[in-house]
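Working notes, structure below.
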Amino acid sequence: MKDIFDFSRFKKVLVRDYYEYIHRFGIVMLIIMLLPSLIWLLCFAIDRNMEVSTVIRNIAICSVAQLATILAPSWLYGYINMKKDGPYFASYPATYFEKFLSILLYTVVVTPIVCLAGCFLMDTLLCLLPIGGYFEFLWQNSSMYNEYITYTNTNTNIGNFILGIVSYSALMFFTTTIFKRHKILKTFGWIIIIGFAAIIIFFTLLPLIASAIANAFGTIENFDPEIFGEYFAERLSPLVENFYTIWSIIKTVVFYTWGYYRMKRIRF
């Protein structure tokens, strides 16, 4: 077991990756954390008395944390398959399993926590200013969230949201071991191409889907939007959610496993 994982070795990997994190991702993380503040600046420039909703601010903060988590693998570890810096990563005295655990820790745990903390701190500082449209702290107005909790399974939605982010981070880690240059652009390029192909397939199958819905409700003339809404909420929506959960888990496991396999076999 010690040949695979040793805690003292793992601590050294964490310390090494910490300095790499500051060096490679520190400025980028700072820029990302400042992005939600553009809302304050824009509204201040348009109208100094314009109030910015806490909901909008929360959405902006969650979005940039998601962006940081997705970008982290490529920005932090994009060098592992490069001829210049890759040998340093490969020859570091630790097992690939220990290095992989450190990668997981810094990309899907440290990055979102640091990003969220920085964004909330900046939002609080802006809210304390006597000028600008931040009149409430983020935790002061929760009516919209209470309504959301009433009508949805919050735990499932939060779980799927986190799973989705982790699955894209896993994809970025996998493509980091494949592409040599422009890793982020190439990854998003392939995502757009595959997504476009999926949309074409969906619209190709749309007549069959419409026919199945018509058969389920008899004829189009008998179609009742209210009944369909209940049917969608009670049967189709949970099915879609469960499919999304399973699909995200499969993607995460496959991309991390495949990426780990490729990382161990990188040759320079």
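Could you name the lysines in cross-link range of Lys11, using Cα to Cα under 30 Å and dropping any fewer than eight places away on the same chain?
Reachable lysines: Lys2, Lys83, Lys84, Lys99, Lys180, Lys183, Lys251, Lys264.
If N is the number of residues in segment 38-89, what value comes out of its Cα radius of gyration divided by 2.2 N^0.38 Å?
Values: Rg = 18.6 Å, N = 52, 2.2 N^0.38 = 9.9 Å.
Compared with the compact-globule rule of thumb, segment 38-89 sits at 1.89.
Name the trypsin sites (Lys or Arg not before Pro) in segment 32-116 that are in a loop by DSSP and that have at most 16 other C-beta atoms within 10 Å, would you? Don't skip to the end; give the middle numbers.
Working: sites: Arg48, Arg57, Lys83, Lys84, Lys99; in loops: Arg48, Lys83, Lys84.
Passing both the DSSP loop test and the Cβ count: Arg48, Lys83, Lys84.
Which whole-Hz couplings ³J(HN,Hα) result when phi for each residue of segment 171-178 is put into the Karplus expression 6.51 cos²θ - 1.76 cosθ + 1.60, θ = phi - 60°, listed in order with x for Gly and Pro?
Coupling constants for segment 171-178: 4, 5, 5, 5, 5, 4, 7, 9 Hz.
Do any trypsin sites (Lys or Arg not before Pro) in segment 1-47 lie in a DSSP loop with no more than 12 other beta carbon atoms within 10 Å, and if so, which? Don't skip to the answer; put the middle values down first.
Values: sites: Lys2, Arg9, Lys11, Lys12, Arg16, Arg24; in loops: Lys2.
Sites meeting the loop and neighbour criteria: Lys2.
We did not get these values from a lab; they are worked out from the coordinates using the rules stated. The structure displayed is predicted, hence computed values, not measured ones. Note that each Cβ is placed from the backbone with ideal geometry, even for glycine, and that neighbours are counted across all protein chains shown.
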